[in-house]
Amino acid sequence: MQIPGHDSGPWWRFSGASAAQTRTSRRRAESHDETRIEASSPPCDARTWTSESLGQPPPRTTAVEIVVPVKNEENDLGPNIRRLREFLDTAFPFPAEVCIADNGSTDATYEIGTVLSAELPGVRIVRLEQSGRGRALKQVWSESTAEVLAYMDVDLSTNLNALLPLVAPLLAGHSDVAIGTRLSNGSRVVRRPKREFISRSYNLLLRATLSAHFSDAQCGFKAIRADVARELLPLIEDTSWFFDTELLVLAEKAGLRIHEVPVDWVDDLDSRVAIAKTVSEDLRGIARLMRSRIDLEPIRQKYGRPRILDPRTAMAARVLRFCAIGVLSTAAYALLYLVLRQGMPAQVANLLSLLITAVGNTALNRRITFGVQGVQNRWRHQLRGLVAFGIGWSLTACSLWLLHTAVAVPHQAVEITILTIANLAATVVRFSLFQAWVFDDDAPTLPTFEPPVLENTRSN
């Protein structure tokens, strides 16, 4: 059996199985213990025959399913689906199917899609009465049996040559999610300045509000491993355009690897996206994710890829991040003290200022300095942080008491100077406690480099 467009080699050399039994496939095989019976084998005794037991390559399965969400696209649907199917048959080395996801069309889109599915092998259509790209993708991806789930816009704005670089790392098990990006140096993009400005502004906003590190959330060219999708899709609430962003933010927070592919992309002049409405929905989605407390720890434990820290630079970077947060906290403390001191005694103003900044300081150091993510143990970390705060408060309280003992009515500038010095000393003590105790239950540890152990092995 040959893949169309390839003359040499059996098909399984080009399929997802050639990616050498990825970790996901092994987990699924071990957990479900599935067996496959050869379709051509006649019924015999009670034994179950698998392709492995027969010494045959595994039966051909769909490696990639590409979903094309459409709504009222009767003009573009026919020619572009034919073009996509031809590309898959002649230039794409993996078994792939196309699913047209019609969500709420009121024109002839569904009828055209039905004709295409009957005419073209490897093309099917799904009809959803309700509109929403996110809703369509969530339903089709949840029901798919493919190893990798992808989607692209029906206008095919993205050059199809980027499809193989998009899905190959997922089939190989190297990455979990893959996206096309129009905002990297290697991308070649033709689009209107207005759309370019909106896109770049939106992705900058994601970085500022959600600490996103991916470069392009809105490019309609993405893929995800099916096993990862089964874990993430139930957590996604949005059913429209913000679906992509929510998927990427959750994937990144769960420690999944997101692969980016620079694409060649030409703007569709017939785009139907309502920019004002989409921007409003995106802003509400960002606000919701900022408030969200979704527990991603199970996904992180199952699929997450921990950071690899170089012990030669990790400690220095950690100290620098801690110092930056300490400077910010000290400035916030001084400002709060000046405000509160106007209406309350010095000790009370000092206590409240320290307490407020300590909570923020612990939260920032937990996430930024020590890399602890998720809600697990968050309150225990805050409680331990308050113990560290108590030590810091005792240092500043004692320094304030000594100052007022020496000078009955010290100048406010002197108060601020003494308290700032004491607070900086408390910061050093607090870092030591953070490093050794507060976050040590699940903070990333610093790896050590050990020389590899070489074993004498011989190939038989």
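The values are calculated or read from the model by the stated rules, or taken from the named source; none is laboratory data. Computed from a predicted model, the values in this text were never measured in an experiment. Here the Cβ is made from the backbone with ideal geometry for all residues, glycine too, and neighbour counts use every protein chain on show. When the accessible area is computed, the model is the full protein with side chains, heavy atoms only, and any ligands, DNA or RNA have been set aside. Shrake-Rupley method; radii C 1.70, N 1.55, O 1.52, S 1.80 Å.
Things worth noting here:
- Farthest toward positive dipole pole in segment 92-172 [+1 Lys/Arg, -1 Asp/Glu at C-beta], among 172, 141, 112: 172
- Computed FRET value (nearest 0.05) for residue 86 with residue 368, which takes r as the C-beta separation and R₀ as 60 Å: 0.75
- Under 21 Å from the Cα of residue 71 - lysines, other chains or at least 8 residues apart: 138, 222, 277
- Across segment 129-141, rounded Karplus estimates of 3J(HN,Hα) from the backbone phi angles (6.51 cos²θ - 1.76 cosθ + 1.60, θ = phi - 60°) give 6, 8, 7, x, 4, x, 4, 5, 5, 4, 5, 5, 4 Hz, Gly and Pro being marked x.
- Estimated from the Cβ-Cβ distance and a Förster radius of 25 angstrom, the FRET efficiency linking residue 174 and residue 213 is about 0.90.
- Stretching residue 145 away from residue 386 to a fully extended chain increases their span by 81.8 nm, per 0.36 nm per residue minus the current alpha-carbon distance.
- Stokes-Einstein diffusion coefficient of segment 149-212, Kirkwood radius over Cα pairs, 4 °C, 1.567 mPa s, in µm²/s: 94 µm²/s
- Taking label positions 7 Å along the Cα-Cβ direction at both residue 200 and residue 429, the computed distance is 4.9 nm, reported to one decimal.
- Förster-model FRET efficiency, 51 Å R0, residue 301 and residue 342, C-beta, rounded to 0.05: 0.55
- Distance between the pseudo-spin-label points of residue 352 and residue 188 (7 Å out from Cα toward the beta carbon): 6.3 nm.
- Cα centroid separation - segment 340-373 against segment 63-124, whole Å: 56 Å
- Put simply, the Cα atoms of segment 210-294 extend 37, 28, 23 Å along their principal axes, the longest span coming first.
- Model label sites at residue 376 and residue 292, defined 7 Å from Cα along the beta-carbon direction, differ in position by 1.9 nm.
- Accessible area per residue for segment 148-286 is 40 Å², calculated with a 1.4 Å probe on protein heavy atoms, without ligands, DNA or RNA.
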